[in-house]
1. List pairs: first in segment 60-87 and at negative phi and at pLDDT 95 or above, second exposed (fewer than 13 other Cβ atoms within 10 Å of the Cβ) and outside any helix (DSSP H, G or I), Cβ under 9 Å, 6+ apart or cross-chain?
2. Restricting the search to segment 12-39, which residues are free of Cβ contacts under 8 Å to residues at least 40 places away in the same chain and either within 12 Å of the chain's Cα centre (by Cα) or surrounded by 13 or more Cβ atoms within 10 Å (Cβ to Cβ) (or both)?
3. Filter segment 3-20 for residues that are within 17 Å of residue 67 (Cα to Cα) and part of a helix (DSSP H, G or I) and give the result.
């Protein structure tokens with residue numbers, strides 16, 4: 001996809017398109033691994049891509065095409081990793097004791 005965007009004269013949209021693609025992939029992964037947090041991660045990444053597609057052209061600042069999806073995706077993915085590494089998440093759901 002990035003090669004097509006580069007050849008068609010739209011290299012600036014590569015980062016948001018990649019961010020959108022990664023976000024979309026989190027939805028089936030959520031169901032595959034039964035990790036509900038991945039739905040929120042996918043939604044956040046897709047929202048970042050859409051926000052970039054709206055904000056970057058309106059601002060006229062070419063750097064926003066890579067800055068918004070780069071920083072936004074990094075924060076989202078690091079936060080997801082940090083939340084998944086919490087001891088309460090690693091133990092799994094609480095089991096009733098009898």
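1. These pairs meet every condition: 67/61.
2. Looking only at segment 12-39, we keep the residues that are free of Cβ contacts under 8 Å to residues at least 40 places away in the same chain, and these are 14, 17, 20-21, 23-34, 36, 39.
Of everything in segment 12-39, those that are free of Cβ contacts under 8 Å to residues at least 40 places away in the same chain and either within 12 Å of the chain's Cα centre (by Cα) or surrounded by 13 or more Cβ atoms within 10 Å (Cβ to Cβ) (or both) turn out to be 14, 17, 20, 21, 23, 24, 25, 26, 27, 29, 30, 39.
3. The first filter runs over segment 3-20 and keeps only residues within 17 Å of residue 67 (Cα to Cα), leaving 10-20.
If the condition is that a residue be within 17 Å of residue 67 (Cα to Cα) and part of a helix (DSSP H, G or I), then 11, 12, 13, 14, 15, 16, 17, 18, 19, 20 are the ones that fit.
The values are calculated or read from the model by the stated rules, or taken from the named source; none is laboratory data. What you are looking at is a predicted structure, and each value in this text was computed from that prediction instead of being measured. Note that each Cβ is placed from the backbone with ideal geometry, even for glycine, and that neighbours are counted across all protein chains shown.
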